[in-house]
1. Are any residues in the range 137-156 closer than 17 Å to residue 197 by Cβ and open to solvent by 20 Å² or more (accessible area, probe 1.4 Å), and if so, which ones?
2. Collect the residues in the range 186-235 that are within 15 Å of the ligand (Cβ to nearest atom), open to solvent by less than 20 Å² (accessible area, probe 1.4 Å) and not β-branched (Val, Ile, Thr), keeping them in residue-number order.
3. Whether any residue in the range 447-456 is open to solvent by less than 10 Å² (accessible area, probe 1.4 Å) and either of a type in the set (A, V, I, L, M, F, W, C) or more than 16 Å from the ligand (Cβ to nearest atom) (or both) is what I want to check.
4. If you check 79, 123, which single one turns out to be among the β-branched types (Val, Ile, Thr), over 18 Å from residue 29 (Cα atoms) and within 16 Å of the ligand (Cβ to nearest atom)?
5. Conditions: (1) within 14 Å of the ligand (Cβ to nearest atom); (2) buried (at least 18 other Cβ atoms within 10 Å of the Cβ); (3) within 17 Å of the chain's Cα centre (by Cα); (4) of a type in the set (Phe, Trp, Tyr). Residue 354 meets all but one. Number of the miss?
6. Determine whether residue 311 is surrounded by fewer than 20 Cβ atoms within 10 Å (Cβ to Cβ) and aliphatic (A, V, I, L, M).
7. With the requirement that a residue be touching a Phe, Trp or Tyr at 6+ places or on another chain (Cβ under 6 Å) and within 16 Å of the ligand (Cβ to nearest atom), what does the range 380-402 give you?
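The values are calculated or read from the model by the stated rules, or taken from the named source; none is laboratory data. Because the structure is predicted, anything quoted here is derived from the model rather than measured. All Cβ positions, glycine included, derive from the backbone under ideal geometry; neighbour counts span all protein chains shown. With ligands, DNA and RNA removed, areas are computed over all heavy atoms of the protein, side chains included. Shrake-Rupley method; radii C 1.70, N 1.55, O 1.52, S 1.80 Å.
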Amino acid sequence: VAFYGASAEKVFPDSFKFGAAGASYQIEGAWNEDGKGPNIWDTFVHVPGRIKNNSTGDIACDSYHKYKEDVAILKDLGVKLYRFSISWSRIMPDGTPYNINQAGIDYYVNLVHELIDNGIEPVVTLYHWDLPQHLEDLGGWLNPRIADYFGDYARVVYKALGPYVKYWITINEPGTTCVTGYGQAVFAPGKDLIGDGVYHCAQNSAKAHAKAYRIYEAEFKQQYGGKVTINIPSAMYYPKTTSSLDAEAVERTFEFNVGLYANAIFKSNWPQVVIDRVANRSKLEGYSFSRLPEFSQEEIEYISGTYDYFALNMYSSSIVEYADEWAISSPTIWLDIGTITSIDPSWPKSASPWLNSDPPGLRYVLNNIQEKYNPSEIIITENGWSDTGELDDQKRITYCKEYLSNILDAILEDGINVTGYTLWSLLDNFEWAEGFTQRFGIIQVDFDSPSRTRTYKSSAHWYKRVIQARAIVD
Ligand code: PNW
């Protein structure tokens, strides 16, 4: 095999595990089978006009029925990690422990056994955006009690899967839920509360995560020895110019997009720049208080330090520029941030408008995260490329090759302890509001065939060779 570019003959250390990822609502289907309750995505997709082509995840990849085939593919690829998420309402139909659906628990226990029997380690996300509808009816992520509900749910899952799972993720990308679901009405639950709901959601996500972490720590850690964290996405943000104003704009962008969800956990409290800017603007807008809710001292201490590793999602980069204070208009997080973002036109474009290829960005982000939060271990829990589903997906191969090469350099040259990579995604799947129009899989799924036939793309054959060589090959 030929080796690739700058990473010629460099191999991934033994501590590094290759993997692949997916999420419950995007792949499982079986939306109303075997006692599963409705969640906010079930509700959202059935409202005409919400999703491209009015597609739904009712069947998706049908992984609820086809998980053994999926695991066989994972085994053939040679991956050692499989990241999947649990559908909360599949095991607790209304989200509360009053009614536990044994069929739902059995599904995940069977999946985990199938993985382990085939030498694949599960990386389990408790929450990947599919909130039980009943809990949304109580206010969802805007209701401070969500932390208690989430804690009860986490305990049920830890009990069922604790012996088999060493890597836990509480919440996938709280920021995407808070901004896109509660701020912009683009994702479920479709709320348009960009000036304040976003911040309540961010606070309740931190509290819920911490509760689930503390429950594991107190009741399961000693026995099972697993690691728990939250999952945080970060793009790379470059300053537009070398001016100090643009440097500050980059810092603000990072703290509002990453720090808003990470700081309380990996450091302490909200980032100061977020506290200051939201307070300032709230005052200008006539509020007698800040739209950013406060944490009590007790909450700050309870949340701080609730991580055992860093789970990073990284796809893309953007260029950030200082923006003059806008005139007072309705409050939004965008005005609180006060920047203009753009992209470098030379970055190759995927099928997703927000996703452009800038491979060195990943190495920068790994260094930023290491510097800012100093985790002892980082797993890249998502990274991948979208197209329209072609089998000969050369652009995906190029993207993954170059991003993996930068991971390798971060490990070998920068000394960052990246221990895993779960490529997004194993299968073409339901891409949220985009339906099936953007495909991320290294395995093609035929959504027109009742059997949801799986076919290897060129990238799957390539990834298999990379895993075998433990090096970046052509
Ligand atoms: C992730 N961004 O979302 C999600 O965790 C997946 O469920 C999703 O399928 C995948 O990425 C692809 O979209 C993201 O704007 C959404 O940087 C947006 C961004 C990043 C990740």
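1. The initial filter retains those residues of the range 137-156 that are closer than 17 Å to residue 197 by Cβ, namely 137-147.
Within the range 137-156, 137, 138, 139, 142, 143, 144, 145 qualify.
2. 188, 205, 231, 234
3. So the first thing to find is which residues in the range 447-456 are open to solvent by less than 10 Å² (accessible area, probe 1.4 Å), and the list is none.
No: the range 447-456 contains no residue that is open to solvent by less than 10 Å² (accessible area, probe 1.4 Å) and either of a type in the set (A, V, I, L, M, F, W, C) or more than 16 Å from the ligand (Cβ to nearest atom) (or both).
4. Values: 79 fails: within 16 Å of the ligand (Cβ to nearest atom).
Going through 79, 123 in turn, the sole match is 123.
5. Against the list (1) within 14 Å of the ligand (Cβ to nearest atom); (2) buried (at least 18 other Cβ atoms within 10 Å of the Cβ); (3) within 17 Å of the chain's Cα centre (by Cα); (4) of a type in the set (Phe, Trp, Tyr), residue 354 comes up short only on (2).
6. Considered against the rule, which asks whether it is surrounded by fewer than 20 Cβ atoms within 10 Å (Cβ to Cβ) and aliphatic (A, V, I, L, M), residue 311 comes out as no.
7. Once the filter is applied, which keeps residues that are touching a Phe, Trp or Tyr at 6+ places or on another chain (Cβ under 6 Å) and within 16 Å of the ligand (Cβ to nearest atom), the range 380-402 yields 380, 382, 383, 384, 385, 386, 396, 399.
Residue-by-condition table, conditions (1) in a helix (DSSP H, G or I); (2) within 29 Å of residue 319 (Cβ to Cβ); (3) at pLDDT 95 or above:
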residue	(1), (2), (3)
211	yes, no, yes
216	yes, no, yes
228	no, no, yes
247	yes, yes, yes
256	yes, yes, yes
264	yes, yes, yes
268	no, no, yes
